[in-house]
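K.L.:
Questions regarding the structure given below will be posed in turn.
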Amino acid sequence: MTDHDTPPDHLSNDPRSKFHDPAMLERGIGIRFNGVERHNVDEYCISEGWVRLPVGKSLDRRGQPMTMKVKGTVEAWFLDAAGQDETPAD
């Protein structure tokens, strides 16, 4: 795999985070946490082995969703291949 096929080690959905990368998020990231594919991950770190998940519909005092950090085995992959055209083949 090349660097274009490997997602970053640490990525966040929160635009205020220094780990937020819109270009990477636009491609789509798949996350498998402890062997289960998850679709509600707000932030992850592969090297440290954790994901940040939302806690129900609770909001913090700034109106942001409450999250909790859960430790375990994290795997990440791109849902989109780099440079793949969106035009269907005839």
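K.L.:
Which ones in region 1-51 are part of a loop (DSSP other than H, G, I, E, B), out of contact with any helix residue (DSSP H, G or I) (no Cβ under 9 Å at 6 or more places or on another chain) and surrounded by 13 or more Cβ atoms within 10 Å (Cβ to Cβ)? Break it down into steps so the answer makes sense when it comes.
P.N.:
Initial filter on region 1-51 (part of a loop (DSSP other than H, G, I, E, B)): 1-2, 6-9, 13-19, 21, 28, 34-35, 39-42, 46-49.
Of the ones still in play, those that are also out of contact with any helix residue (DSSP H, G or I) (no Cβ under 9 Å at 6 or more places or on another chain) are 1-2, 6, 9, 14, 16-19, 21, 28, 34-35, 39-42, 46-49.
Selection gives 9, 14, 17, 19, 21, 34, 41, 42, 46, 49.
K.L.:
Sort out which residues of region 40-74 are farther than 23 Å from residue 18 by Cβ and at pLDDT 95 or above, and write them in order of number.
P.N.:
Within region 40-74, 72, 73 qualify.
K.L.:
Also, quick follow-up: Where the second residue is surrounded by fewer than 16 Cβ atoms within 10 Å (Cβ to Cβ) and the first is among the hydroxyl-bearing types (Ser, Thr, Tyr) and lies in region 39-58, which pairs have Cβ atoms under 6 Å and are six or more apart or on separate chains?
P.N.:
What qualifies is 47/9; 58/66.
The values are calculated or read from the model by the stated rules, or taken from the named source; none is laboratory data. Small disclaimer: the values here were computed from a predicted structure and weren't measured. Here the Cβ is made from the backbone with ideal geometry for all residues, glycine too, and neighbour counts use every protein chain on show.
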